[in-house]
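Below is one structure, written out as structure tokens, with a few remarks after it.
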Amino acid sequence: MTLSALDIGLILCAVAMGFLVPRSTTCAVAAVAEVLDHKRAWRFGGFALASLSAMVLLWPIAWFTRLPIHFAPIIAPSFLVFLGGLFFGVGAALNGACVFGTLTKIVSGDTTYLFVLPGLWLGALVLGLTGLSVQPHIMTNPALTAFGLSPALLWGFALGLLVLLSWHFVRKGKASKAGSMAAIGVVGGLLYTIHPAWNYSVAIHNFAQSILAAPQHMADGLLPWLVGAACLGGITSTVAAGTFKLKAPSLGGSLGALLGGCLMAFGLVMIPGGNDGLILFLLPSLIGAGALAYVAMNISILAILLLGRIRPSHCPSA
């Protein structure tokens, strides 16, 4: 495969994402646990920073450059979308980490979380074998592709929110957290809007579907490069920070990761992308169904944590 300049740029973005994620507050399960345990919402604030940063950067790029920026498609809000968010949230809670958090754990040497990968594969395979039609109705999204008064006003509002939220983080001594989440928004937003199918969960889903039919996103051949680059960046990050420590898998944790991966696979089909896709792709594209799925995901994580089925300490500390 011959890599173009754009392909190389995307691979570098994937390396940067892998490097940034272990150094940031990116775990959705930990965000809910932080609210429950400490009555704080810094992680949710970080997610808002990432989404706003993606919006503020990507909208002008789409308007005034020739980069192939594609906003997320319009998804009709429905019970199916809400159900997808619930499935994903339950899976993430049983696993003890979301898509972002799982990557952090794996590149930090925790082998228990490797069982999420066959879980995702099994979940995608089961969906394919049953033939269930669970993908929501998707339409093209032309609303943000052209510069106009309404999009410009929305962009200005997003910029104002970004400045205010960043100032609040800095005032509370969390400038580094704000910077890392803003960087994730910029880099991750670029990845999703240029190559939406780029992360490891998509690669595993396609691997499962290839048993039944031709995978949807593998024709370009770039996906394995992006997944490998993200893993390389993550391992480099944890080794450089001194947080890499090889841990043997535990039986209970491995079973939770396997089951959690299966349920997350269901959610990933019902809603495009997991929590990372919602934060970096659907919400910056102003997709209402993305907000619906995000609320459902956090409701189900909250429910599982309150039921005491997992320990919040499974996730990275704040």
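What follows is calculated from the coordinates using simple rules that are stated; it is not laboratory data. This one's a predicted model, so the numbers in the text were calculated from it and none came from an experiment. Virtual Cβ from ideal backbone geometry, glycine too; neighbours counted across all protein chains shown.
For a Förster distance of 25 Å, can you work out the FRET efficiency between the beta-carbons of Ala241 and Thr111, rounded to the nearest 0.05? After rounding, the FRET efficiency stands at 0.85.
Values (1) 1.07; (2) 0.94; (3) 1.19 are given for comparison; Rg/Rh (Cα atoms, Kirkwood Rh), derived from the coordinates here, is the one labelled (2). Listed by chain and number, the lysines whose C-alpha is less than 16 Å from the C-alpha of Lys177, apart from same-chain residues fewer than 8 away, amount to an empty set. Computed from label points 7 Å out along Cα-Cβ, the spacing between Ser150 and Phe44 is 2.9 nm.
Our summary gives the stretch 16-314 a relative contact order of 44 percent, counting only alpha carbon pairs under 8 angstrom and 6 or more residues apart. Here the extension length gained between Leu159 and Trp63 equals 33.0 nm, from 0.36 nm per residue of separation less the Cα-Cα distance.
Candidate membrane-span-like segments in the chain, meaning DSSP H helices with Cα atoms spread over at least 30 Å of their own axis and a Kyte-Doolittle mean of 0.0 or above, are 42-64, 149-171, with no membrane implied.
Here's the list of aspartates and glutamates a cross-link from Lys245 could span, going by alpha-carbon distance under 17 Å and ignoring same-chain residues fewer than 8 apart: Asp110. Distance between the 7 Å Cα→Cβ label points at Leu12 and Thr130: 4.4 nm. Placing a pseudo-label 7 Å from each Cα along the Cα-to-Cβ vector at Leu36 and Lys172 gives an inter-label distance of 2.0 nm. Helical content alone sets the calculated 222 nm signal of the chain at -21500 deg cm²/dmol, taking -39,500 (n - 2.57) per DSSP H segment of four or more residues and averaging over every residue.
Loop-located trypsin sites (Lys or Arg not before Pro) in the stretch 230-312 (DSSP state other than H, G, I, E, B) with a sparse environment of at most 10 neighbouring Cβ atoms within 10 Å: Lys245.
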